[in-house]
Amino acid sequence: VQLQASGGGLVQAGGSLRLSCATSGRTFSSYVMGWFRQAPGKEREFVAAVTRSGRSPYYSDAVKGRFTISRDNAENTVYLQMNSLKPEDTAVYYCAARTTTWISGRDDAYDYWGQGTQVTVSS
């Protein structure tokens, strides 16, 4: 499985960005999909994840109410809509795929990773 994240960029605080993660293969709907981020000098942290059907999203407290994860199984793509962005959201954002049923916020629970896309929020 190959994952290709895109959509990052530079935005002012309070602005919005939409990240996309396109995957290869015909088994996308069998993966739990997640987004993680890593800021300079910090460990990678969980942002959001969504079940295989897309009906059950899960968010970190840091982004709950501002970010929305969704997926389009017909297009083999997962999205992260980021609103009300803050400077502390600045990081490289990674998408990841998990081959088991249950959703997880642990990065070691994910089997495949994209290359990351930079999000920079200016104050």
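Among residues of the range 9-37 that are in a strand (DSSP E or B), those with a beta-carbon under 9 Å from a residue that is among the acidic types (Asp, Glu) and surrounded by fewer than 13 Cβ atoms within 10 Å (Cβ to Cβ) at least six positions away or on a different chain give the pairs ALA22/GLU75.
Find all pairs meeting these conditions: Cβ atoms under 8 angstrom apart; at least six residues apart or on different chains; first residue within the range 86-113 and in contact (Cβ under 8 Å) with a residue 40 or more places away in the chain; second residue among the small types (Gly, Ala, Ser) and open to solvent by 70 Å² or more (accessible area, probe 1.4 Å). These pairs meet every condition: PRO87/SER123. Scoring ASN76 on the criteria (1) in contact with a Ser or Thr (Cβ under 6 Å, 6 or more places away or on another chain); (2) surrounded by 15 or more Cβ atoms within 10 Å (Cβ to Cβ); (3) more than 16 Å from ALA5 (Cα to Cα); (4) not charged (D, E, K, R) leaves a single failure, condition (3). Considering the range 97-123, and only residues there that are touching a helix residue (DSSP H, G or I) at 6+ places or on another chain (Cβ under 7 Å) and not hydroxyl-bearing (Ser, Thr, Tyr), the residue that is surrounded by the most Cβ atoms within 10 Å (Cβ to Cβ) turns out to be VAL119.
Based on what the data block shows, is TYR31 in contact with a Phe, Trp or Tyr (Cβ under 9 Å, 6 or more places away or on another chain), of a type in the set (Phe, Trp, Tyr) and open to solvent by 30 Å² or more (accessible area, probe 1.4 Å)? So TYR31 does not fit the description; no. When the test is whether a residue is of a type in the set (Ser, Thr, Tyr), touching a Ser or Thr at 6+ places or on another chain (Cβ under 7 Å) and modelled with pLDDT of 95 or more, TYR59 does not pass it.
The values are calculated or read from the model by the stated rules, or taken from the named source; none is laboratory data. Predicted model, so just to flag it, every value in this text is computed and none were measured. No Cβ is skipped: glycine too gets one built from the backbone with ideal geometry, and neighbour counts run over all protein chains shown. These area figures cover heavy atoms from the full protein model, side chains too; ligands, DNA and RNA do not enter into them. Shrake-Rupley method; radii C 1.70, N 1.55, O 1.52, S 1.80 Å.
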